[in-house]
1. When ranked by the protection proxy of mean other Cβ atoms within 10 Å per residue, highest first, what sequence do the peptides 89-98, 2-11 form?
2. Report D for the chain in µm² per second (integer): Stokes-Einstein, Kirkwood Rh on Cα pairs, 37 °C, 0.692 mPa s.
3. Pick from GLN100, GLN165, GLN139 the residue whose mean-square fluctuation is largest in a GNM of the chain, springs joining Cα atoms under 10 Å.
4. Out of the DSSP beta bridges found with both residues in the chain, what percent are antiparallel (nearest 5)?
5. Tell me what the chain gives for mean residue ellipticity at 222 nm when only DSSP H runs of n ≥ 4 count, each as -39,500 (n - 2.57), the sum divided by the residue total, rounded to 500 deg cm²/dmol.
6. Beyond 18 Å, how much of the Cα-Cα pair distribution for the range 66-170 remains, as a whole percent?
7. Of the lysine pairs in the chain, how many meet both conditions: Cα atoms under 18 Å apart, and a spacing of 8 or more in sequence or different chains?
8. Would you please put 51-57, 154-160, 76-82, 18-24 in order of how densely packed they are, using the mean number of other Cβ atoms within 10 angstrom per residue and starting with the highest?
Amino acid sequence: MKLKLTPLALSAIALLAVCTVLLTWRAKKLEASLRDRNETSALVGKAAPDFALPSLDGQRVELADYRGRKKLVVSFWASWCGPCKMEMPALVDFYKQHRQDADKFELVAISIDEERADAEDFATKQKLPFPVLFDPHSQAADAYGVEGIPFLFVIDENGKVVYGQAGYNPALEVILAHQLGLRPVAPNGGAADGVSRN
């Protein structure tokens, strides 16, 4: 027995095919725009907003503590943020690799978690070696115009934002080395230019 499609069934199949093509095209376009979007902060080139926040170890940390002394890397994050869980290990590696340059820069991670215990648990599990600040009401995050996390800023010695980017970038360590005026460290611990210094 041969199955014969009615004109209504043929129209429905054609409509479904057109919708599938349009949805696929739109999804690809959206994916490309998300991949290529530039989430640079409007603060770049301007004075960094002041902040004074408690650290998880009980200290009070202010932007003014670094002004005139060293550059500052500021990472806004939260324990529930998937991309933050990729960025933090990269920041830890960068921090450890460049501790000999501690006189040139400091890194602070500002948690926007609502519960201090969530930030403390994450910082402990990740063994974060740099100061972790707590901003539960997002006052500092709002001042910096942070709408998505992770959001990374580099502030120069004079308190001016020289870099501000949303999202996790796999080239983070190279970007930070460039922004801080440091020599990138090769993954095997050697010089980035491949020339042995031993």
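What follows draws every value from the coordinates through simple rules; no lab data is involved. Here the structure is a predicted model, which means the values were calculated and not measured. Note that we place each Cβ from the backbone using ideal geometry, even for glycine, and neighbour counts take in every protein chain shown.
1. Working: 89-98: 17.3, 2-11: 7.9.
Sorting 89-98, 2-11 by mean packing, highest first, produces 89-98, 2-11.
2. The estimated diffusion coefficient comes to 170 µm²/s.
3. Judging by the Gaussian network model, the answer is GLN100.
4. The answer is about 65 percent antiparallel.
5. Value at 222 nm, helices only, nearest 500: -11500 deg cm²/dmol.
6. Of the Cα pairs, 45 percent sit more than 18 Å apart.
7. Number of lysine pairs found: 16.
8. 76-82, 154-160, 51-57, 18-24
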